[in-house]
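What follows is one structure encoded as C-alpha cells, with my remarks underneath.
The values are calculated or read from the model by the stated rules, or taken from the named source; none is laboratory data. The shown structure was predicted, so the numbers you read here are calculated from the model rather than taken from an experiment. Note that each Cβ is placed from the backbone with ideal geometry, even for glycine, and that neighbours are counted across all protein chains shown.
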Amino acid sequence: MFKVAIRDPKKCMDCGSCDLILACPAGRVGDTKNCVGCGACYLACPYEAIYMVDADRVKYVSIVVNGEKFNVPDKITVLNALEFIGFKISSFPGDGDIYAPCRVGGCWSCAVIIDGSIKPSCITPVKDGMIIETNLPENYIPKRLVHGWMGHPVGGVGTPWWIKGRGYVEAAVFACGCNLRCPQCQNWTTTYCGYEISYTPREAALIMTDTRRTYNVNRMAISGGECTLNRLWLTQYIAELKKLNQDDKARFHVDTNATILTKDYIDDLIEAGMTDIGPDLKGIKVETFMNITGINDRSLAEKYLKTSWNAFKYLVDKYLGKVFIGVGIPYNKDLISLEEIAKIGEEIYKICPEVQVCVLDYRPEFRRRNISRPRFHEMVKVWEILKSTGLKTVICQTERGHIGPYEAKPRF
C-alpha cells in the first residue's frame, strides 16, 4: 500500500519541474528518507524519471480523527492515513468519504482540518499527535490554487468564434490540478502544479476583475487543469465575480472537461452567474477516452465519459439561448480516428446542430512528445467531415490559425 519515490538519474533531464511546480512534502524530490509517497512527482514528471516502489513502514504514530484515536504508519500522507483507517477515497464526487481527484495539492477538494487549519490531505504528511477533522464547517471559505492571470487573444472552447483573434478577447486564469492523466497534456505545468498560492474565491475574483480592467475586456474565463474539481470554490468564485462586475457586458466563462459536471452542478453554476461554457468531449468510445485521458480504470473512464456527454446534452436542453455553449473535440491521428470524429459530429448534430464546435489540434507535449502536431490539411479534412454531418458552426485550431466556420481558410 505504501510507496516512496525514486528518481532515475538516467532518465532525469533536469527540466526543473520538481522545483518549480511540485509541492513535495519531503521538501526535495528523491529524498527517500523523508518521502511520504504522495506520488505527485511521479504523476508530474514529463520524462517519467520517477517511479514508485514499495516501502516498509515499521514505525507508527498516533493521530486523532473525528475524536477517535488511531495508530497509523509514519511517513505517509494524511489522505493515505485516512484510507488506512477505513475511509473510502474516490475520484468522482460523492463516490466515497474523501474526494481526492488531483493528488498534487492543486484543487484542495480533499481538504480536511489538520491541527486547526484546513489543508489538502493528499500532500500533507501525517505526524504524531495530529488532530484531524474530516467534516468541514458549513460556512468555511474554500481555497484552491489558481495562477496565470492574463489577457487572451483567442480564448477557449466556450469563446464565440466571431471574436477570436481580434486583440485580447478575454481575461483568463487557470486552476491547478486535474482529475485526468492525459499523456499529451497541453497544459501540464498547471495540471500538476501544487506549488502556488491558494486563494479564496473572493481573492481570486478581485484579481480577475483587475485583470479584466487591465486588458479592457468584458469576458472573464477560467480553465485549467480542471477548474470544476472544487465545486464549492468555483461556484463561489463565479458568484463573487458577478458581484464585482455588475455591468451588462460582463461575461463569466468556464472551460471544462465536464467529466464531473452533473446536472445539479450545472444549475449551481448558472445560478451563480456563469454565462458561457465550453465542455470538452474527449471521444465517444471508451477506449479512445482512455487513450486520450490516461485513465486506466475502465469503470471510472466510462463514468467520466458518460457524465461529460450528459452535461453537454443537459446544457443544450435546458440552457441553450440562455448561456453560450461551445463544444471542444480533440484531434490527432495518433489519438482518435477520423471515423470517430465523424461519429462525434453525428452525435452532436442529434443534440444540437447549431452549437459551436471547436476542434483542438493536439500537439506533442508532456509524455507524448513522439506524436506530431496535425498539419493544416489534416485539420481541413476534420473540418470537412464535421461540416458534412450537418453541423452549422465548426471551427478548427490549426498551425496557421483558426479555420471556419464558413470556409476552411485561416482566420489570421
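Condition (residue is of a type outside the set (Ser, Thr, Tyr), more than 25 Å from Leu229 (Cα to Cα) and in contact with a Phe, Trp or Tyr (Cβ under 6 Å, 6 or more places away or on another chain)) applied to region 318-331: is it met by at least one residue?
No: zero hits.
Which of the residues belonging to region 196-237 are under 21 Å from Leu281 (Cβ atoms) and not in a helix (DSSP H, G or I)?
Ala221, Ile222, Ser223, Gly224, Gly225, Glu226, Cys227, Thr228, Leu229
I'd like the residue in region 1-30 that is part of a loop (DSSP other than H, G, I, E, B) and within 24 Å of the chain's Cα centre (by Cα) and, out of all such residues, is surrounded by the fewest Cβ atoms within 10 Å (Cβ to Cβ).
Among those residues, the one meeting the criterion is Gly16.
Might you check whether a residue that is within 30 Å of Asp264 (Cβ to Cβ), in contact (Cβ under 8 Å) with a residue 24 or more places away in the chain, among the small types (Gly, Ala, Ser) and not assigned by TED's automatic domain parsing to the domain that holds Pro46 occurs anywhere in region 389-406?
No: zero hits.
For region 126-135, name all the residues that are assigned to a strand (DSSP E or B) and crowded, with 20+ Cβ neighbours inside 10 Å.
Correct list: Ile132 only.
Given the residues Ile89, Ile85, Ile141, which is the only one that is of a type outside the set (Asp, Glu), touching an Asp or Glu at 6+ places or on another chain (Cβ under 6 Å) and modelled with pLDDT of 95 or more?
Selected residue: Ile89, the only one of Ile89, Ile85, Ile141 that is of a type outside the set (Asp, Glu), touching an Asp or Glu at 6+ places or on another chain (Cβ under 6 Å) and modelled with pLDDT of 95 or more.
Which of the residues spanning region 161-195 are out of contact with any Gly (no Cβ under 8 Å at 6 or more places or on another chain) and either part of a helix (DSSP H, G or I) or under 16 Å from Pro142 (Cα atoms) (or both)?
Residues satisfying the conditions are Trp162, Trp188, Thr189.
Can you tell me which condition Asp248 does not meet? The list is (1) surrounded by fewer than 18 Cβ atoms within 10 Å (Cβ to Cβ); (2) over 24 Å from Ile118 (Cα atoms); (3) modelled with pLDDT of 95 or more; (4) of a type outside the set (Phe, Trp, Tyr), and all the others hold.
(3)
Would a scan of region 151-171 turn up a residue that is of a type in the set (Phe, Trp, Tyr), closer than 20 Å to Phe324 by Cβ, in contact (Cβ under 8 Å) with a residue 40 or more places away in the chain and touching a helix residue (DSSP H, G or I) at 6+ places or on another chain (Cβ under 9 Å)?
For region 151-171, residues of a type in the set (Phe, Trp, Tyr), closer than 20 Å to Phe324 by Cβ, in contact (Cβ under 8 Å) with a residue 40 or more places away in the chain and touching a helix residue (DSSP H, G or I) at 6+ places or on another chain (Cβ under 9 Å): present.
Which fully enclosed strands (runs of 3 or more DSSP E) of region 349-412 have 2 or more residues being within 30 Å of Ala44 (Cβ to Cβ)?
Answer list for region 349-412: 356-361, 393-398.
Could you please find all residues in region 252-301 being of a type in the set (A, V, I, L, M, F, W, C), more than 14 Å from Phe324 (Cα to Cα), touching a residue at least 60 places away in the same chain (Cβ under 8 Å) and not in a loop (DSSP other than H, G, I, E, B)?
Within region 252-301, Ile292, Leu300 meet the criteria.
For Lys33, all conditions in the list (1) surrounded by 13 or more Cβ atoms within 10 Å (Cβ to Cβ); (2) at negative phi hold save one; what is the number of the exception?
(1)
Please go through region 19-40 and pick out each residue that is over 14 Å from Pro125 (Cα atoms) and touching a Phe, Trp or Tyr at 6+ places or on another chain (Cβ under 9 Å).
Within region 19-40, Asp19, Leu20, Ile21, Leu22 qualify.
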